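The values are calculated or read from the model by the stated rules, or taken from the named source; none is laboratory data. Predicted model, so just to flag it, every value in this text is computed and none were measured. Every residue, glycine among them, receives a Cβ derived from its backbone with ideal geometry; neighbour counts consider all protein chains shown. Side chains included, ligands, DNA and RNA excluded: accessible areas come from the protein's heavy atoms. Shrake-Rupley method; radii C 1.70, N 1.55, O 1.52, S 1.80 Å.
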Amino acid sequence: MINSGVYNYINVLDKAAAASWIRNEVIANNITNEDTPGFKRKDVEFESYLAYELEGADSKTLAQRVAEVDLDNLKATAYTEHSGLSTRLDGNNVDVDAENAEYASNQIQYNTLIDSINYQFNMIKAALQ
């Protein structure tokens with residue numbers, strides 16, 4: 001993380017990429033436990049924290065709101081989804097097909113975030129040359 005408000009956009013992208021990475025690990029764990037009786041699928045909450053941080057006065061631009069984001073509030077939080085709901089008799093609620101689709105979607109999101117970070121650094125590099 002770069003300790004300057006000027007680079008907050010890159011820092012927010014970095015936090016989002018880290019959350020996406022954690023989500024990949026959580027989804028992989030869900031898939032691994034597909035046959036574990038009583039296992040409840042988990043997911044990661046990040047997007048609502050980001051949306052809350054980006055809320056602001058209508059008079060502010062998105063860039064101004066990103067510059068004011070408190071990075072300490074952007075933490076990925078793993079949680080058990082529908083802990084009381086079971087789709088199978090053994091109490092497990094993992095749908096491996098849904099998990100694989102979510103994994104693929106999240107991998108695309110992660111790659112896009114990494115590409116965006118690289119693009120931002122390339123823009124800085126070009127400006128410095």
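Being assigned to a helix (DSSP H, G or I), more than 28 Å from Asp70 (Cβ to Cβ) and open to solvent by 30 Å² or more (accessible area, probe 1.4 Å) is the filter here, so list the residues in segment 10-37 that pass it.
The answer is Ala28, Asn29, Ile31, Thr32.
For segment 90-113, enumerate the residues that are touching a helix residue (DSSP H, G or I) at 6+ places or on another chain (Cβ under 6 Å) and closer than 25 Å to Val12 by Cα.
Glu102, Tyr103, Asn106, Gln109, Tyr110, Leu113
Within segment 79-102, identify whether any single residue is over 14 Å from Ala18 (Cα atoms), touching a residue at least 60 places away in the same chain (Cβ under 8 Å), assigned to a loop (DSSP other than H, G, I, E, B) and not polar (S, T, N, Q), and answer yes or no.
Looking for residues that are over 14 Å from Ala18 (Cα atoms), touching a residue at least 60 places away in the same chain (Cβ under 8 Å), assigned to a loop (DSSP other than H, G, I, E, B) and not polar (S, T, N, Q), one finds at least one in segment 79-102, hence yes.
Being aliphatic (A, V, I, L, M) and open to solvent by less than 60 Å² (accessible area, probe 1.4 Å) is the filter here; which residues of segment 58-100 pass it?
Going through segment 58-100, the residues aliphatic (A, V, I, L, M) turn out to be 62-63, 66-67, 69, 71, 74, 76, 78, 85, 89, 94, 96, 98.
Those that are aliphatic (A, V, I, L, M) and open to solvent by less than 60 Å² (accessible area, probe 1.4 Å): Val66, Ala67, Val69, Leu71, Leu74, Ala76, Val94, Val96, Ala98.
Residue under question is Asp43, and the condition is that it be of a type in the set (Asp, Glu) and assigned to a loop (DSSP other than H, G, I, E, B); does it hold?
Criteria not met by Asp43.
Out of the residues in segment 38-57 that are loosely packed, with under 14 Cβ neighbours inside 10 Å and more than 23 Å from Leu113 (Cα to Cα), which is modelled with the lowest pLDDT?
Among those residues, the one meeting the criterion is Ala57.
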